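These notes are about the structure you will find just below.
Values quoted throughout were computed directly from the atomic coordinates according to the rules given, and no laboratory measurement underlies them. The structure presented is a predicted model; accordingly, all values stated were derived computationally and were not measured. Neighbour counts are summed over all protein chains in view; Cβ atoms, including those assigned to glycine, are modelled from backbone coordinates with ideal geometry.
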Amino acid sequence: MPSPEEEFKNPEAADEVYDSCLSFIREKTRNKKRFGLVFEENCNYGFRRNLWGMKPIGISLSALSTLAIVILILKNLFSKEIPITPFMIGGGPINLLFLFGWLFWFKKEWVKTAAETYAEALLGACDQL
């Protein structure tokens, strides 16, 4: 492993050493039974990262769905052309809940927490290697 002085002199080379070590640890901890915590934390991190990546699409779909339901309900109130269905009554609040989730819950910090927990589990597995 690079010393602090070596890392300061050549951070790119030090990063290559760290990347190589982490690749080695990841490959050696693929056994789900032996390293169950590493597997679970990797899944949790991947799930959160993927949701965060889908955030723009999720916000758009939730907002458009909520708006569509509101328009249908308003159209019914003024013209009675479209009947209000249980889907409209239940779907509106559910879509709104998803919209708030996309806006306020799925954040970079939420993903970072899972990434750090996965990193701790991965490095903690070194004792078993």
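Run the numbers on the chain and let me know its relative contact order in percent, using alpha-carbon pairs under 8 Å that are six or more apart. Please report the intermediate quantities before stating the final value.
Working: 81 pairs, mean separation 44.8, N = 129.
Computed over the chain, the figure is 35 percent.
Karplus couplings for region 57-65 from phi (6.51 cos²θ - 1.76 cosθ + 1.60, θ = phi - 60°), rounded to Hz, Gly and Pro as x?
Those phi angles translate into 5, x, 4, 4, 5, 5, 5, 5, 5 Hz.
List the lysines whose Cα sits under 26 Å from the Cα of Lys108, skipping any in the same chain fewer than 8 residues away.
Excluding near neighbours in sequence, the set is Lys55.
Report ³J(HN,Hα) in whole Hz for each residue of region 41-47, in order, from the Karplus equation J = 6.51 cos²θ - 1.76 cosθ + 1.60 where θ = phi - 60°; Gly and Pro get x.
Karplus-based 3J(HN,Hα) across region 41-47 equals 5, 5, 4, 4, 5, x, 4 Hz.
Positive end of the charge dipole of the chain (Lys, Arg +1 and Asp, Glu -1 on Cβ, about the Cα centre): tell me which of Gly90, Phe39, Ala63 has its Cα farthest that way.
Toward the positive end, the furthest listed residue is Gly90.
Given 0.36 nm per residue, what is the gain on full extension from Met88 to Glu27 after removing their alpha carbon distance, in nm? Don't jump to the answer; show the numbers that get you there.
Working: separation 61, 0.36 × 61 = 21.96 nm, distance 4.90 nm.
That pair, Met88 and Glu27, stretches by 17.1 nm at full extension.
In terms of Cα to Cα distance under 18 Å, which aspartates and glutamates are near enough to Lys32, apart from those fewer than 8 places away along the same chain?
Glu40, Glu41, Glu120, Asp127
Counting Lys and Arg as +1 and Asp and Glu as -1, each charge on the Cβ, what is the dipole of the chain about the Cα centre in debye, to the nearest 20? Before the final figure, lay out each step's value.
On the way: 15 positive and 15 negative charges, 197 e Å.
The dipole magnitude comes to about 940 debye.
Straight-line reach from Lys33: which lysines fall under 27 Å, measuring Cα to Cα and dropping same-chain residues less than 8 apart?
Qualifying lysines at Cα under 27 Å: Lys112.
On a C-alpha basis, how far is the centre of region 62-113 from the centre of region 1-21 in Å? Whole number, if you could?
Result: 50 Å between the Cα centres.
If I stretch the segment between Lys112 and Leu96 completely, what's the gain in nm (0.36 nm per residue apart, minus their alpha carbon distance), one decimal?
Numbers: separation 16, 0.36 × 16 = 5.76 nm, distance 2.54 nm.
Fully extending the segment from Lys112 to Leu96 adds 3.2 nm.
Rounded to whole Hz and in sequence order, give me ³J(HN,Hα) for region 114-121 from the Karplus expression 6.51 cos²θ - 1.76 cosθ + 1.60, θ = phi - 60°, writing x for Gly and Pro.
5, 5, 5, 5, 4, 4, 5, 5
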